[in-house]
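Some notes on the structure that comes next.
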Amino acid sequence: MNRCVIVVVDGLGIGAMPDAGELRPGDRAADTLGHVLDRCRASRSRPLRLPAFGALGLGVLHPHPDLTGRTALPVALCRARLGYPGADTYAGHQTMMGADFSKVTVARLGERLAEVTDALEQAGHTVELLDGEPLPVVDGRVLVHDNLEADPGINWNASGRLEELPFERILAVARTVRAVAPVARVIAVGGHSEHPLSASVRNGDGGTVGLDTPATGFYRNGGLQVQHLGAPMDHTRQLPELAARAGVAVTLTGKAADILACESALRRPAVVTDEVLEHTLSAVRNARSTEQGALVVANVQETDLAGHQQDAPRFGAVLEQTDAGLAALLEELDRPGDRLIVTGDHGNDPTIGHANHTREYVPVLIHRPDGERVARLPDAEGLADVGATAARFLGLDPGGLAGGSPLLPH
């Protein structure tokens with residue numbers, strides 16, 4: 001009957017990992033949280049108000065003048081290495097849920113252009129290259145391209161303007177590409193833009209070329225539709241399926257509802273932060289009156305969107321919204337077996353000078369109503385340890401996951 005809630009604050013890095021500068025040397029200075037706090041204080045003439053994050057011990061992991069204050073809750077906390085290549089939301093969540101994502105195939109679209117073109121034409125589509133670049137334009141409307149918001153070769157996108165065609169047609173193209181793609185994720189993206197997508201094409205790192213999605217206006221114009229098509233993996237050895245087989249009620253909210261697999265899960269997709277947190281709190285309250293255990297996995301996406309837009313003030317505003325939602329969850333999760341885990345999936349420093357994710361440590365803040373006041377744990381080897389810890393809290397065997405070791409014994 002335990003309730004375990006995992007809130008993933010997308011892009012909340014707390015300092016560069018040792019290998020962060022291998023691709024982009026400037027990323028050695030990445031510190032998403034610290035730089036957001038600094039920029040927000042400068043722009044607002046006051047610090048961000050993050051009392052729940054403070055009570056959960058974020059300032060212990062990331063000492064900063066604006067995160068001072070007493071850690072008033074019984075928490076266990078540590079930094080976590082990512083435990084997968086690059087810095088990517090999909091790989092981060094799959095790893096966190098227990099998948100072994102250490103052998104992701106990395107490939108630029110241009111290296112597999114012939115295979116992709118052949119698959120699309122065999123499916124009845126027309127394919128032309130945009131200005132001679134390795135950028136297939138499918139049916140004159142959908143652009144297939146390298147994803148420029150993750151490290152080179154991790155993901156490919158199929159993008160289209162919803163003014164020109166429905167999302168279902170973009171998704172159909174993405175599914176055809178997924179069938180031959182060796183990369184971790186093919187992402188179907190539909191959004192609203194005032195200008196042709198060709199106006200937002202640019203070169204990325206590592207010889208990639210693709211769409212500068214923030215520049216299209218997709219993120220700010222509303223109506224964004226996204227579906228993530230992941231590489232084949234054994235989802236039965238991930239936390240949601242493991243929990244569901246044991247009779248635990250599983251709810252996936254926000255972006256987690258789009259990218260995590262669990263056939264019996266209740267899904268509450270949303271992008272707006274307040275909606276994500278309302279769905280999460282509702283799932284927790286509903287679980288109080290049942291005899292089932294409950295697992296809720298939520299993703300707060302708007303922090304990541306602010307990072308891609310290199311908008312530190314917006315990032316800070318979403319952190320304050322998230323803090324209010326965490327406070328409400330802490331009031332509800334008051335039984336001895338309840339657990340709240342707050343973490344991230346990578347960094348996304350909005351001050352670093354580019355719109356890509358940054359390879360940073362992420363916080364792991366574990367609230368235990370029946371635990372010791374503050375327990376500082378060693379750095380976790382990877383995000384899979386978060387999933388294994390949640391499995392242990394729910395009374396499940398963490399050995400049923402493909403990866404990860406519990407950070408706490410119970």
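Taken together, the values in this text are just the output of simple stated rules run on the coordinates, not laboratory data. Note that this is a predicted model, so its numbers are computed, not measured. Methodologically, a virtual Cβ is constructed for each residue, glycine included, from the backbone with ideal geometry; neighbour enumeration extends over all protein chains shown.
Tabulated data
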{"item": "Residue 48 long-range amide H proximity, modeled H, under 5 Å", "result": "41"}
{"item": "Environment charge of residue 13, counting only residues whose C-beta is closer than 12 Å and scoring Lys/Arg +1, Asp/Glu -1", "result": "-4"}
{"item": "Loop-located trypsin sites (Lys or Arg not before Pro) in the stretch 327-410, at most 15 other Cβ atoms within 10 Å (DSSP)", "result": "373"}
{"item": "C-alpha center-to-center spacing [the stretch 106-163, the stretch 188-251] in angstrom", "result": "15 Å"}
{"item": "Alpha carbon convex hull of the stretch 242-391, volume per residue in cubic angstrom", "result": "122 Å³"}
{"item": "Three-way shape call for the stretch 365-410 based on the alpha-carbon gyration tensor, with the a/c threshold at 1.5", "result": "oblate"}
{"item": "Calculated from backbone phi, Karplus (6.51, -1.76, 1.60) coupling profile of the stretch 403-408 in Hz, x at Gly/Pro", "result": "x, x, 10, x, 7, 9"}
{"item": "Residues with amide H under 5 Å from that of residue 13, placed H, sequence gap 5 or more", "result": "32, 33, 348"}
{"item": "DSSP bridge pairs, the stretch 199-343: antiparallel proportion in percent, nearest 5", "result": "25 percent"}
{"item": "Order of 19, 146 under a 10 Å beta carbon neighbour criterion, fewest first", "result": "19, 146"}
{"item": "Dipole of the stretch 109-230, positive end: most advanced residue of 218, 207, 152 [Cβ charges, Cα centre]", "result": "218"}
{"item": "Long-range HN-HN contacts of residue 151 with modeled amide H, under 5 Å", "result": "87"}
{"item": "Most mobile listed residue (261, 72, 99) in the chain, GNM with C-alpha springs under 10 Å", "result": "72"}
{"item": "Crossing angle, helix 32-44 versus the chain [Cα axis fit, 0-90 degrees, rounded to tens]", "result": "90 degrees"}
{"item": "Rounded if a/c under 1.5, otherwise prolate or oblate - the stretch 120-189, Cα gyration tensor axes", "result": "rounded"}
{"item": "Average projected area [Cα convex hull, the stretch 1-80], square nanometres", "result": "7.0 nm²"}
{"item": "³J(HN,Hα), Karplus 6.51/-1.76/1.60, whole Hz, each residue of the stretch 83-99, x for Gly, Pro", "result": "x, 8, x, x, 8, 8, 5, 4, 4, x, 6, 5, 4, 4, 7, x, 6"}
{"item": "Relative contact order for the stretch 24-76, counting Cα pairs under 8 Å that sit 6 or more residues apart, in percent", "result": "27 percent"}
{"item": "Centroid-to-centroid separation of the stretch 3-26 and the stretch 38-66 [C-alpha atoms, Å]", "result": "17 Å"}
{"item": "Fraction in percent of alpha-carbon pairs per bin - 5 Å, the stretch 108-149", "result": "6, 26, 35, 25, 8, 1"}
{"item": "Qualifying trypsin sites (Lys or Arg not before Pro) in the stretch 79-183, DSSP loop, other Cβ atoms within 10 Å at most 11", "result": "103"}
{"item": "Cβ charges +1 (Lys, Arg) and -1 (Asp, Glu), total dipole of the chain, debye", "result": "1040 debye"}
{"item": "The stretch 217-305: C-alpha gyration tensor shape, a/c 1.5 cut-off, then a/b vs b/c", "result": "oblate"}
{"item": "Along principal axes, Cα extents of the stretch 71-223, largest first, whole Å", "result": "58, 34, 27"}
